[in-house]
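The block underneath contains the structure these notes are about, expressed in structure tokens.
Here, each number is a calculation from the coordinates, and none is a lab measurement. Here the structure is a predicted model, which means the values were calculated and not measured. Because the Cβ atoms are built from the backbone with ideal geometry, glycine has one as well, and the counts that use them run over all protein chains shown.
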Amino acid sequence: MESVLLATILAIFTTMALALWRAIKGPTVYDTIVGVNVFGTKTVLLVALIAYFSGNHDLIDVALVYALINFIAVVAVLKLIGQRDLAASGEISDD
């Protein structure tokens, strides 16, 4: 059981490192956003894994809140990149 936990944590940290590298070295803005989103998702997974094995189930709430913040932040950044205005109505004009 201990070796499975160690392998899982190692795999999560490896994917987090790769996602961070993609966020830093991404050739486009969208690669950077995907890298940050994957890093945030793996962080949620890591917090949930810690909560499960430590028996502290209050950390699941922390993981869910972090996942929600990660999702809202990615949507806001994509809207900002796409329309250059967070308060835009969503309609694309032909100006």
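What the table below lists for this structure:
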item	result
Max mean-square fluctuation residue, GNM over the chain, Cα-Cα springs under 10 Å, options A67, A76, A19	A76
Computed helical MRE - 222 nm, the chain, DSSP H runs ≥ 4 contributing -39500 (n - 2.57), nearest 500	-28000 deg cm²/dmol
Average Cα contact separation per residue, the chain, under 8 Å, 6 or more apart, as relative contact order %	19
Anisotropy class of the chain from Cα gyration tensor, a/c 1.5 cut	oblate
Unit charges on C-beta of K, R, D, E only; dipole of the range 1-80, Debye	340
